[in-house]
1. What is the angle, in °, between the Cα long axis of helix 112-121 and the longest principal axis of the Cα atoms in the chain? Nearest 10 is fine, range 0 to 90.
2. If r is the Cβ-Cβ distance from residue 236 to residue 130 and R0 is 45 Å, what FRET efficiency results, to the nearest 0.05?
3. Suppose R0 equals 35 Å. What FRET efficiency, 1/(1 + (r/R0)^6) with r the Cβ-Cβ distance, do residue 220 and residue 286 give to the nearest 0.05?
4. Over the stretch 227-293, what is the relative contact order in percent, taking alpha-carbon pairs closer than 8 angstrom and at least six residues apart?
5. Please state the shape class of the stretch 102-201: rounded when a/c is under 1.5, otherwise prolate if a/b exceeds b/c and oblate if not, all from the C-alpha gyration tensor.
6. Under a crude label model (7 Å from the Cα following the beta-carbon direction), how far is residue 174 from residue 267 in nanometres?
7. Quick one: Cα centre-to-centre distance for the stretch 59-78 and the stretch 3-50, in angstrom?
8. For helix 137-149, report the angle its Cα long axis makes with the longest principal axis of the Cα atoms of the chain; keep it between 0 and 90° and round to the nearest 10°.
Ligand SMILES: Nc1ncnc2c1ncn2[C@@H]1O[C@H](COP(=O)(O)OP(=O)(O)OP(=O)(O)O)[C@@H](O)[C@H]1O
Ligand SMILES: [Mg+2]
C-alpha cells in the first residue's frame, strides 16, 4: 500500500544558519501509530511544522496521500490535524466555538452531531460554553485536540501530547488515541517518554540533532532498549567479582562498594532472585538495591556517539 505520508530528503536550515533537519526520509503507513522520539532540540517540531505547512523546508518533498504538501497545500493540509506543542487558541473564545470555527476553516460543512460527540469523547461537553481561559491546563490541552480533530482529519499529529499532564489525563489521552486508530486515523506523536512509545506505537523513529537515526517496529526496538542495570550496595567492599558469580554479568563500581548487574529486562528470567540467593550463600551482605533502566537519553547518547565515531572513521 502507498504510504499515507512520505518525506523525501526533507531538510531545514533556519535563518541564522542552524540546521534543524538533515535530509529526512520517512514513510508513514496508513493507519499506524508512529512515535517520534528525540531529545530537546532534535527537530521533531520542525519536522511536523514542515508537514503542516507552518515552516518552509529548505529542501526535499512531502507527499500527503499523493498531494504535494507545498504545491497542493490546501488538499494536503485538510487531511491533517495538528495538536501543537504550544497552546495556540483564542483564550476569549468558548470551547464549542473554537471547535466549530476550526472545522469551518478547513472547508468542512457544519456537523453539530460530530462536534457534540467529539467534545463528549474529550470530556469537554460540560465545558462547551466556557471560555478557554477559564479552563485548567489539562482541559486546555483537550481543547487543542478537539480543535485538531474538528475537521475529521485522516492524519493526526500530536506534538508532545502528554508533556506536563497528570497520570489520569495521560491515560485518557492514550485511550483516545487508541479509539482514533480503530477508526483508521493515522497518528504521529512526538514524545520524550519511552513508556509512551511503548504503550502506544506500532513503529518508533529516533531523531537527534536533525537526523533520523533509526525507524523500527516497536517490538524490535523495545528488545534493544530492554537492557537494565541493578546496583547492589555492599556492606563491605569487594576487591574482585567472585568466581562463584561468573554466570551473572557483573562488574564492580565505586571502589568495590557497588556490584553492578547488567541484565535484559525483557528476558523471561532476569537472574536476580538466584543472584541474591547466591550472594546470601557466599555471605556477601548488602544494604540496598538500586535499579535503573537505560533512559531514552542514554540511548540517544549511545546512538549519537556511535554515529559520531562512524563519521570520524
Ligand atoms: N524559528 C526558529 N528559528 C531558529 N531556530 C529554530 C526555530 N525553531 C526551532 N529552531 C531550532 O531548531 C532546532 C530544532 O528545534 P525543534 O523545535 O524542532 O526541536 P524539538 O525536537 O521539537 O525539541 P523539543 O523536544 O524541545 O520540543 C533547535 O535547535 C531549535 O533551537
Ligand atoms: Mg518540539
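1. Rounded to the nearest ten degrees, it is 20.
2. Working: r = 63 Å, r/R0 = 1.40.
Step by step, r from the Cβ atoms, then E = 0.10.
3. Working: r = 35 Å, r/R0 = 1.00.
Rounded to the nearest 0.05, the efficiency is 0.50.
4. On the way: 106 pairs, mean separation 33.1, N = 67.
Computed over the stretch 227-293, the figure is 49 percent.
5. On the way: a/c = 1.94, a/b = 1.27, b/c = 1.53.
Oblate.
6. Placing both labels 7 Å beyond Cα along the Cβ direction yields 2.7 nm.
7. The stretch 59-78 and the stretch 3-50 have Cα centres spaced 14 Å from each other.
8. For 137-149 against the chain, the angle is about 60 degrees.
Just so you know, all these numbers are worked out from the coordinates, no wet-lab data involved. Values in this document were obtained by computation on a predicted structure and should not be read as measured data. Glycine gets a Cβ as well: all are built from the backbone with ideal geometry, and neighbour counts include every protein chain shown.
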